[in-house]
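The values are calculated or read from the model by the stated rules, or taken from the named source; none is laboratory data. Nothing here was measured: the structure is a model prediction, and the numbers come from that model. Virtual Cβ from ideal backbone geometry, glycine too; neighbours counted across all protein chains shown.
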Amino acid sequence: MLSIRILATFFLLVVFVFCKILKNCVITPANKIIFIAVKLILNFIKHIKSMQYPKISIITPSYQQGQYLETTILSVLNQNYPNLEYMIFDGASTDNSVEIIKKYESKLDFWLSEKDNGQSDAINKGFAKATGEIVTWLNSDDQLEEGTLFKIAEYFTQNPKIHLVHGQTLFFGDNISTWQSQPILKDLQYLRLSGMCFAQPAAFFKRASLEQFGFLNPAFHYAMDYDFFLQIALHHDFLQVNDLFAHYLIHATSKTTLHNQGFAKEYAQILSKLLRSFSFGKKYIQFLKDLDLYYEGSDLYSVGKNISEKDLERVFFYNLNSQLKFYYDDSDLHQSLKITSFLKENMPSFYAEHSELAQVYWRSKYLNKDLITFLRKIKKML
């Protein structure tokens, strides 16, 4: 790698050449040669500068998100990261998405607009083309915080054994109070195995993970990030940092708003597969069966870390707690009461440890859906 002194020498040469041009503004063959030389020098400096940073590949899947897409694109391009590979995969949108993409196509490494089989399929197309050492995807309604890519590059460079870095996220949108996630201080190792304890836009991983575990499972439409990150977590170490990396938009048509039941079911599918992957998972498989939440199958996760039965118990609890949140947010009081009743009876220590479970239990048991919806509206107004 060339030194800063050499780069400074090139910079002085560029300044000298421009001074020569300013003294003689007549377009001559000699000046044309000078212009070409300046361009070559600048390109060379840009190339040398990019060599100082690991390449980061970012994939944006998009469909009918024209009202948000441009903000997403600019949040990536305005990082001014010198070794960026940015690609957009649109699912044949009929709004103004393609028009927006074309506006920035000179700054994109690749883009495509064609019918696909959903978000996972679009992201996988990007994974197949990604050449960066570090990879992530950024949905077309989310944004990167300024300076994120330089920080990500630094964290991976300083921690070569880490396979995934996740930071903090700012959640915002219509009819919600803006709030920022905080670092998790307790049971992080279990939460990483039990669901998405960090927001996907704030997570970056090594491309080696794609080579080791393959791409996203196209069968999942809601929890494909959990399924993919779980595979990495079962083998490699993650790094949690305090930096704000992403802005997560919550709106009326976002998956997190409309499809709680879908998330809950896919979390149960993933947990079923995870429990099958351990010889001591039979007890918890029976628990899921008792709750009618177990999904039969013969597929297993590959496990590279030493995970005990006690570890698996906490993972089981936290995953089930995540499913409960999805059902309760969807006002499915029957399923909410069923899960909290199970936890109260079969896992009393965990139930007592998390006071919110008792609140959900009593509300699900004694209140109806309309009343809970009304109380939530009042809470938003306060």
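Of everything in the range 99-118, what is acidic (Asp, Glu) and not in a loop (DSSP other than H, G, I, E, B)? Give them in sequence order.
To start, the set of residues in the range 99-118 that are acidic (Asp, Glu) comprises 99, 105, 109, 114, 116.
Of everything in the range 99-118, those that are acidic (Asp, Glu) and not in a loop (DSSP other than H, G, I, E, B) turn out to be 99, 105.
Filtered by the rule that a residue be β-branched (Val, Ile, Thr), over 15 Å from residue 57 (Cα atoms) and touching a residue at least 24 places away in the same chain (Cβ under 8 Å), the range 92-135 gives 94, 100, 101. Taking first residues from the range 287-306 that are at positive phi and partners that are assigned to a loop (DSSP other than H, G, I, E, B), no Cβ contact under 9 Å between residues at least 6 apart in sequence or on separate chains turns up.
Looking at 219, 208, which one is more than 15 Å from the chain's Cα centre (by Cα), under 18 Å from residue 56 (Cβ atoms) and outside the structural domain of residue 269 (by TED's automatic domain parsing)? The conditions single out 208. Among the residues of the range 62-98, the ones that are outside any helix (DSSP H, G or I), more than 17 Å from the chain's Cα centre (by Cα) and of a type in the set (Gly, Ala, Ser) come to 3 in all. For the range 287-312, a tally of residues being under 26 Å from the mean Cα position of the chain (by Cα) and charged (D, E, K, R) returns 3.
The set of residues from the range 119-163 being part of a loop (DSSP other than H, G, I, E, B) and touching a helix residue (DSSP H, G or I) at 6+ places or on another chain (Cβ under 9 Å) comprises 130, 133, 138, 139, 140, 141, 142, 145, 146, 162, 163. Select from the range 235-268 the residues that are assigned to a loop (DSSP other than H, G, I, E, B) and either among the acidic types (Asp, Glu) or in contact (Cβ under 8 Å) with a residue 24 or more places away in the chain (or both) and list them in ascending order. Result: 235, 236, 237, 251, 252, 254, 259.
Taking the conditions exactly as written (over 14 Å from the mean Cα position of the chain (by Cα), closer than 24 Å to residue 260 by Cα and surrounded by 15 or more Cβ atoms within 10 Å (Cβ to Cβ)), does residue 172 satisfy them or not? Taking the combined requirement at face value, the residue satisfies it.
You will find that of 377, 325, the residue that is over 15 Å from residue 270 (Cα atoms) and loosely packed, with under 13 Cβ neighbours inside 10 Å is 377 and no other.
Residue by residue, here is whether (1) assigned to a helix (DSSP H, G or I); (2) surrounded by 18 or more Cβ atoms within 10 Å (Cβ to Cβ) holds:
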site: 299; (1), (2): no, no
site: 311; (1), (2): yes, no
site: 319; (1), (2): yes, yes
site: 336; (1), (2): yes, yes
